[in-house]
Amino acid sequence: RKLDALIVVASDGSSDTKSLSADDILGLVTIEVRLLNSYDLLSADESEFRLTQAVASLGPKQRREYKDASVLDIARELLPPEVTAVCSLSNLCTSPKARRMGIAAKLCSEAERLAKDELNFDEIYLRVESENSAAKRLYEDKLGYKCKFEA
C-alpha cells in the first residue's frame, strides 16, 4: 500500500505541463496522506509501516478483504481510535517574482479541492514550522485556517 502524495504547481502558463522549467513555476505545495497519532503527525514511512502491520496482523481471508481498501477505511477499522488518517498540506512556496499575487491562496484552494474530491478527506491539516510567523499569518489570518496543535 502506498500513501497518496501530490504536488500542486502554479505556473505562468508559458509552457505545457510536461516541459516546465524552474522559471515557469510561480509556486507549489505538497499534499500528503499520513497518520495522526493524537497530536503527532507521523512520517510517511511510519504511517506506511503502521498501516501495513495492521493488515498483516489479520488472517489470510481478512487480509484479502483489505487488499483494495482505502487508507481511511484501514485506519478507521484496524487502528486504535487515537490514530487517524489525515491529509496534510506542507511545503507551500511561491517564487519571489510571484509574491503578493494570490498564488498561495490559489494553491491552498486547489489543495483543499484535491483533498476532498480526489483523496476523500473532509479536512486538511497544515504542517508549519512554529517559528515561521509569516506562514502562520497567511494561513490563519488571510486563509482562515485554525491552529489545532503545535509540535
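The values are calculated or read from the model by the stated rules, or taken from the named source; none is laboratory data. Predicted model only: the values in this text are computed from it and were never measured. Neighbour counts run over all protein chains shown; Cβ positions are idealised from the backbone, glycine included. Note: areas computed on protein heavy atoms with side chains; ligands, DNA, RNA excluded. Shrake-Rupley method; radii C 1.70, N 1.55, O 1.52, S 1.80 Å.
Observations
- Pick from region 76-118, criterion in contact with a strand residue (DSSP E or B) (Cβ under 8 Å, 6 or more places away or on another chain), surrounded by 12 or more Cβ atoms within 10 Å (Cβ to Cβ) and among the basic types (Lys, Arg), ranking: farthest from Ser130 (Cα to Cα): Arg76
- Applying the condition of being assigned to a loop (DSSP other than H, G, I, E, B) and over 24 Å from Cys87 (Cβ atoms) to region 20-65 and asking which residue is most open to solvent (accessible area, probe 1.4 Å) yields Ser57.
- Inspection of region 132-149 finds no residue satisfying the criterion of being aromatic (Phe, Trp, Tyr) and modelled with pLDDT of 90 or more.
- Each residue in region 36-94 was checked for being hydrophobic (A, V, I, L, M, F, W, C) and farther than 20 Å from Lys116 by Cβ, and 12 of them qualify.
- Residue that is least open to solvent (accessible area, probe 1.4 Å) [pool: residues in region 119-140 that are small (Gly, Ala, Ser) and part of a helix (DSSP H, G or I)]: Ala135
- Here the condition is being over 15 Å from Leu35 (Cβ atoms) and without any contact (Cβ under 8 Å) to a residue 24 or more places away in the chain; of Arg64, Arg76, it holds for Arg64 alone.
- Matching entry among Arg64, Arg137, Arg100, Arg76 (being under 17 Å from Asp4 (Cβ atoms) and of a type outside the set (Val, Ile, Thr)): Arg76
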